[in-house]
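The values are calculated or read from the model by the stated rules, or taken from the named source; none is laboratory data. Every value quoted in this text rests on a predicted model; they were computed, and no experiment measured them. Cβ coordinates were reconstructed from backbone atoms using ideal geometry, including for glycine residues, and neighbour counts include every protein chain displayed.
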């Protein structure tokens with residue numbers, strides 16, 4: 001019985017990972033063929049959102065230019081490894097225990113990240129923002 005439960009969890013994780021991989025592949029192909037990916041926030045407000053520059057950051061990373069990738073979106077470039085570690089631990093915990101609810105500490109960390117993204121979104125729209133986004 002326990003083995004069947006674990007197999008079910010593995011199937012769910014693989015299905016989710018497959019969808020994420022399909023999304024990443026679609027984005028990769030769009031970037032490779034220079035298909036523009038518009039930012040809905042920027043279209044509606046004219047402002048740069050906290051994730052503006054991610055497409056260009058991804059292109060720069062595909063070319064191995066991590067300095068340029070960092071210039072396009074400093075905060076997300078720094079947070080990316082932490083997101084990867086978080087997803088890994090969350091997935092391993094789910095596979096082991098079936099628990100999907102995040103802990104109080106994880107919730108606090110996510111709130112801090114959201115606050116950081118909001119502050120970063122404000123700062124990057126100030127007239128003295130140091131790096132060009134285009």
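Observations
- Residue count for the range 57-70, restricted to those that are part of a loop (DSSP other than H, G, I, E, B) and within 14 Å of the chain's Cα centre (by Cα): 0.
- Yes/no for residue 33 being over 23 Å from residue 77 (Cβ atoms) and free of Cβ contacts under 8 Å to residues at least 40 places away in the same chain: yes
- Test: residue in the range 37-56 that is exposed (fewer than 13 other Cβ atoms within 10 Å of the Cβ), at pLDDT below 85, assigned to a loop (DSSP other than H, G, I, E, B) and touching a helix residue (DSSP H, G or I) at 6+ places or on another chain (Cβ under 9 Å): yes
- Hits in the range 83-101 (condition: in contact (Cβ under 8 Å) with a residue 12 or more places away in the chain and in contact with a helix residue (DSSP H, G or I) (Cβ under 7 Å, 6 or more places away or on another chain)): 91, 94, 95, 98
- Condition check for residue 100: loosely packed, with under 15 Cβ neighbours inside 10 Å, modelled with pLDDT of 85 or more and not in a helix (DSSP H, G or I): yes
- Restricting the range 119-133 to residues that are within 13 Å of residue 48 (Cβ to Cβ) and within 20 Å of the chain's Cα centre (by Cα), the residue that is modelled with the lowest pLDDT: 133
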